[in-house]
Amino acid sequence: MRILLWHVHGAWTTAFVHGDHDYTVPVVPDRGPDGIGRARTYAWPDAVRELPPEGLRDEDFDLIVLQRPHELELAEAWLGRRPGRDLPAVYVEHNAPQGRIAEMRHPMADRDDLLLVHVTHFNALFWDAGATPTRVIEHGIPDPGPRYSGELARAAVVINEARRRGRVTGTDLLEPLGRAAPLDLFGIGAGALGGIEDLPHAELHDQMARRRVYLHPIRWTSLGLSLIEAMQLGMPVVALGTTEAHEAVPPAAGVVSNRLDVLQAALRRLVADADEARARGAAARAAALARYGLGRFLADWDGLLEAWTGSGRRAVAA
């Protein structure tokens, strides 16, 4: 199948393009948000192509994967075809909804010409999609391998744009939680808060795995792929019990709570007790491989795409 999608979320796209299809991503001269092109810090298969907007119109795509509302207009302008009408379309919603709960209406609500796919059951529950057919395909990632050493008695935190996103990502919680254990912040924009940014993905994994524990202070986003990556690395987890975190982290893998005192105590204990940390990290890795493995993720997508682009479309929409 020939699939067009924008490179929006690096980690999710990395998993998606590992499937057995032909993938094309748009590229613009400045590699801005509407044309990032191929990843430069993630490992992508060589077969993933990048094409400028003017090179897309004559391409014969079987499916377009949309991830932002304005991509509908971009696709029509660049392809000369309307997603959902002239070309089968799937819209992947990566984010948890924002605003008052009665107003959490999805921008693709009440459409019968595309399929809305959520990445967590929490998101599917909270977004109001109206009559639009919806499905959930949970995350899956390439296995980074059991790299955990835990040699540094510190906690790793990964937050992109931590200062801008503030309370959403629990950036304000780093100070009180940092009183329980030393924290190392990684991610885009982390340098502004004294953290470490712009590491290649593989090097980020190496650095995370040297820390004794992974801290996930996220209040309100989809299940962060960095959490799943930490677990597959073999790291024990201390996490806020919000959105989908309680589903992803079993009790044996760490501590999930919305009480700061419980999270602080867990950080102190795991940083101090390397044996417990290693045992919980092993449990975390086993759980994450079982639920968020790349094979399951790609198989789920293959089944869905085959049905949506073929004779099974009505059944998928039902």
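The values are calculated or read from the model by the stated rules, or taken from the named source; none is laboratory data. None of the values given here were measured: they were computed from a predicted structure. Here the Cβ positions follow ideal geometry from the backbone for every residue, glycine too, while neighbour counts run over all protein chains shown. These area figures cover heavy atoms from the full protein model, side chains too; ligands, DNA and RNA do not enter into them. Shrake-Rupley method; radii C 1.70, N 1.55, O 1.52, S 1.80 Å.
Taking the stretch 267-277 only, how many residues are among the hydrophobic types (A, V, I, L, M, F, W, C) and in contact with a Pro (Cβ under 9 Å, 6 or more places away or on another chain)?
Of the residues in the stretch 267-277, 3 are among the hydrophobic types (A, V, I, L, M, F, W, C) and in contact with a Pro (Cβ under 9 Å, 6 or more places away or on another chain).
Any idea which of 212, 179, 219 is over 23 Å from residue 15 (Cβ atoms), touching a residue at least 24 places away in the same chain (Cβ under 8 Å) and either touching an Asp or Glu at 6+ places or on another chain (Cβ under 7 Å) or surrounded by fewer than 17 Cβ atoms within 10 Å (Cβ to Cβ) (or both)? Quick ask: steps written out before the conclusion?
Details: 212 fails: either touching an Asp or Glu at 6+ places or on another chain (Cβ under 7 Å) or surrounded by fewer than 17 Cβ atoms within 10 Å (Cβ to Cβ) (or both); 219 fails: either touching an Asp or Glu at 6+ places or on another chain (Cβ under 7 Å) or surrounded by fewer than 17 Cβ atoms within 10 Å (Cβ to Cβ) (or both).
Testing whether each residue is over 23 Å from residue 15 (Cβ atoms), touching a residue at least 24 places away in the same chain (Cβ under 8 Å) and either touching an Asp or Glu at 6+ places or on another chain (Cβ under 7 Å) or surrounded by fewer than 17 Cβ atoms within 10 Å (Cβ to Cβ) (or both) leaves just 179.
Residue pairs, Cβ under 9 Å, 6 or more apart or interchain, first in the stretch 26-40 and open to solvent by 90 Å² or more (accessible area, probe 1.4 Å), second among the β-branched types (Val, Ile, Thr). List them.
If the second residue must be among the β-branched types (Val, Ile, Thr), the pairs left are 33/8.
Just checking, how many residues over the stretch 3-25 are open to solvent by 50 Å² or more (accessible area, probe 1.4 Å) and either hydrophobic (A, V, I, L, M, F, W, C) or closer than 21 Å to residue 187 by Cβ (or both)?
Applying the first criterion (open to solvent by 50 Å² or more (accessible area, probe 1.4 Å)) to the stretch 3-25 yields 9, 18, 20, 22.
If we keep only those that are either hydrophobic (A, V, I, L, M, F, W, C) or closer than 21 Å to residue 187 by Cβ (or both) as well, we get 9.
Adding up the residues that qualify gives 1.
Give 68, 31, 85, 40 a once-over and let me know the one that is of a type in the set (Lys, Arg), under 16 Å from the mean Cα position of the chain (by Cα) and farther than 19 Å from residue 303 by Cα.
68
Which of the residues spanning the stretch 81-93 are part of a loop (DSSP other than H, G, I, E, B) and hydroxyl-bearing (Ser, Thr, Tyr)?
Taking the stretch 81-93 and keeping what is part of a loop (DSSP other than H, G, I, E, B), we get 81-82, 84-86, 88.
Result: no residue meets the conditions.
Looking at the stretch 251-303 only, could you name the residues that are part of a strand (DSSP E or B) and surrounded by 22 or more Cβ atoms within 10 Å (Cβ to Cβ)?
Correct list: 254, 256.
Restricting the stretch 182-209 to residues that are part of a helix (DSSP H, G or I) and of a type in the set (Asp, Glu), which is surrounded by the fewest Cβ atoms within 10 Å (Cβ to Cβ)?
203
How many residues, within the stretch 94-108, are open to solvent by 10 Å² or more (accessible area, probe 1.4 Å) and either in a loop (DSSP other than H, G, I, E, B) or touching a Leu at 6+ places or on another chain (Cβ under 9 Å) (or both)? Even if it seems obvious, please write down each step before you answer.
Here is the first cut: in the stretch 94-108, the residues open to solvent by 10 Å² or more (accessible area, probe 1.4 Å) are 94-95, 98-105, 107.
Now drop any that are not either in a loop (DSSP other than H, G, I, E, B) or touching a Leu at 6+ places or on another chain (Cβ under 9 Å) (or both), which leaves 94-95, 98-100, 104, 107.
Number satisfying all stated conditions: 7.
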